[in-house]
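S.K.: Have a look at this one before I ask anything.
The values are calculated or read from the model by the stated rules, or taken from the named source; none is laboratory data. Remember, predicted model here, so these are calculated numbers, not experimental data. For neighbour counting, all protein chains shown are included, and Cβ atoms are generated from backbone atoms with ideal geometry for every residue, glycine included.
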Amino acid sequence: MTNSATSNAVTVKVTLRHSNNHGSIEEYARDAVSTLLKFYTGPLSSHVILDHQNNDFEQNKLAEITIHVPQHDFVARESAVTYEQAIEKCIDSLSRQLKKMKEKQRNI
């Protein structure tokens, strides 16, 4: 199931795999991706994939977030006990990647 939403300069597409409808988790993912605007001020689009894995009993919630900015794509993939924890790990990773890109652009 895929839902898409657009706000300000962010387009967020959320896909759930092997899971039922989780409206609150989708909203949490959208809000989390929106926080990346403080690291990149231009337009960005993102695709959030939330997956429930049956093979690992402890960390079976997988989050994959792909951020598309002009001329760059950033990907973070993390697993955790809950979707929220996995999303937070991805956001931390993506924020580091966006900061690094911003620093490189300033040095050019």
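S.K.: Consider the stretch 40-52. How many of its residues are under 12 Å from residue 67 (Cα atoms) and in contact with a helix residue (DSSP H, G or I) (Cβ under 6 Å, 6 or more places away or on another chain)?
M.R.: Of the residues in that region, 3 qualify.
S.K.: Within the stretch 75-88, identify whether any single residue is aliphatic (A, V, I, L, M), touching a Leu at 6+ places or on another chain (Cβ under 8 Å), at pLDDT 90 or above and closer than 24 Å to residue 104 by Cα, and answer yes or no.
M.R.: There is at least one residue in the stretch 75-88 that is aliphatic (A, V, I, L, M), touching a Leu at 6+ places or on another chain (Cβ under 8 Å), at pLDDT 90 or above and closer than 24 Å to residue 104 by Cα.
S.K.: Residues of the stretch 37-58 being closer than 21 Å to residue 23 by Cα and outside any strand (DSSP E or B), which ones?
M.R.: Our first condition is that a residue be closer than 21 Å to residue 23 by Cα; within the stretch 37-58, this holds for 45-53.
Passing the criteria: only 53.
S.K.: Checking the structure you have, find out if any residue of the stretch 79-89 is among the hydrophobic types (A, V, I, L, M, F, W, C), in a helix (DSSP H, G or I) and surrounded by 15 or more Cβ atoms within 10 Å (Cβ to Cβ).
M.R.: Pass one, the stretch 79-89, residues among the hydrophobic types (A, V, I, L, M, F, W, C): 80-81, 86-87.
Now drop any that are not in a helix (DSSP H, G or I), which leaves 86-87.
Remaining after also requiring surrounded by 15 or more Cβ atoms within 10 Å (Cβ to Cβ): 86-87.
Looking for residues that are among the hydrophobic types (A, V, I, L, M, F, W, C), in a helix (DSSP H, G or I) and surrounded by 15 or more Cβ atoms within 10 Å (Cβ to Cβ), one finds at least one in the stretch 79-89, hence yes.
S.K.: Considering each residue of the stretch 60-78, count those that are closer than 13 Å to residue 47 by Cα and either part of a helix (DSSP H, G or I) or not small (Gly, Ala, Ser) (or both), and give that number. Don't jump to the end; show me each part of the working.
M.R.: Quick first cut of the stretch 60-78, residues closer than 13 Å to residue 47 by Cα only: 63-69, 73-77.
Now restrict to residues that are either part of a helix (DSSP H, G or I) or not small (Gly, Ala, Ser) (or both): 64-69, 73-75, 77.
Residues meeting the conditions: 10.
S.K.: When you scan the stretch 96-107, do you find a residue that is buried (at least 17 other Cβ atoms within 10 Å of the Cβ), within 11 Å of the chain's Cα centre (by Cα) and outside any loop (DSSP other than H, G, I, E, B), even just one?
M.R.: no
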